[in-house]
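Here the structure is laid out as structure tokens; the discussion comes afterwards.
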Amino acid sequence: MTGLALGTAAVAPARRRMRPRRYRIGWLLLPAIVVAGFFGYPLVLVILQSFTAQDGSFGLSVWTQVLSSPEFGRAVWQTVLLALGSTAGCVLLGGFLALVVAFVPFPGATLLARLVDTVLAFPSFLIALAFTFLYGGAGIFGTAGFLYSPWGVLLAEITFYTPFVMRPALAAFSQVPSAQLEVAASLGARPGRVLWRVVLPEALPSLASGACLVLLLTMNEFGIVLFLGAKGVSTLPMLVYGKGIVTFDFPAASVVAVVNVVLSLALYAVYRRVVGRGGRRAAVDAA
């Protein structure tokens with residue numbers, strides 16, 4: 001009887017360990033069904049539509065036609081250039097502003113940091129609307145040619161997405177130990193050398209993650225380009241809009257959309273890898 005009781009007591013914890021696994025599977029099943037229904041199913045339809053020509057035939061004819069067209073190559077080129085230019089501008093401007101707020105004491109620094117958090121909640125078309133009032137034909141500066149050029153779109157994207165770099169950079173700069181700065185200064189290092197050798201290496205993971213996030217968002221930016229109405233700017237999201245909504249060429253729009261999704265997923269994988277490295281580095285530094 002004693003052996004039987006010991007055996008039962010040993011089986012009971014094993015059963016209790018198995019129950020949470022079943023419960024976890026049950027809790028994950030419903031979200032998986034929702035994601036598959038609202039995201040996976042439409043994505044599958046878009047992929048199938050990209051292989052279906054307007055006459056109903058199934059094959060690679062639509063892909064060949066779209067990928068070989070000059071407008072697709074121009075859209076890819078301008079999308080990449082705008083995304084890279086916006087990312088570089090946001091890193092430079094956001095990093096500089098974060099440095100000023102973090103290390104240069106001045107009245108209103110806290111208010112400026114809070115305004116950055118507020119801008120993150122604004123929709124992108126508000127920046128385009130503000131630029132229309134400033135640089136439009138009836139605006140203050142009246143430089144409509146600049147506004148409707150790729151440079152106007154680039155400036156609008158830098159203005160809107162700079163807080164996405166400034167916010168993590170400001171958090172990283174605020175965590176730099178003051179003892180390191182004092183030791184570097186006591187050893188005779190100039191401010192520029194302290195910035196290059198002490199401050200920036202500490203904030204590099206945050207700057208890299210912010211840059212990857214901005215690159216991902218600008219690759220898919222639609223509201224700013226559409227609202228500004230830049231005639232010489234053709235990006236992949238605008239090409240999807242033109243093919244699907246304007247000309248009702250849904251197979252071609254699906255091809256461009258699939259390409260855009262693949263690029264976005266690749267950039268997101270890079271972003272997650274950079275963020276993961278930054279998190280592991282922070283954990284090692286904390287230890």
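Observations on the model:
- Some residue of region 56-79 being modelled with pLDDT of 80 or more, in contact with a strand residue (DSSP E or B) (Cβ under 9 Å, 6 or more places away or on another chain) and under 19 Å from L239 (Cβ atoms): yes
- Exclusive hit being modelled with pLDDT under 90, among the small types (G, A, S) and open to solvent by less than 60 Å² (accessible area, probe 1.4 Å), set A83, A88, A10, A102: A102
- Checking each residue of region 122-129 against the condition of being assigned to a loop (DSSP other than H, G, I, E, B) and within 23 Å of the chain's Cα centre (by Cα) gives at least one match.
- Residue that is closer than 22 Å to G85 by Cα, open to solvent by 30 Å² or more (accessible area, probe 1.4 Å) and charged (D, E, K, R), where the choices are K231, K243: K231
- Options A266, A230, A253; residue that is assigned to a loop (DSSP other than H, G, I, E, B) and at negative phi: A230
- Residue check for A128: under 23 Å from L217 (Cβ atoms), of a type in the set (A, V, I, L, M), touching a Leu at 6+ places or on another chain (Cβ under 6 Å) and at pLDDT 80 or above: no
- Test: I47 is modelled with pLDDT of 80 or more and more than 13 Å from D249 (Cα to Cα): yes
The values are calculated or read from the model by the stated rules, or taken from the named source; none is laboratory data. Quick caveat, the model's predicted, so the values are computed rather than measured. Backbone-built Cβ (ideal geometry, glycine too); neighbour counts: all protein chains shown. Areas reflect the complete protein model, heavy atoms only, side chains present, ligands, DNA and RNA absent. Shrake-Rupley method; radii C 1.70, N 1.55, O 1.52, S 1.80 Å.
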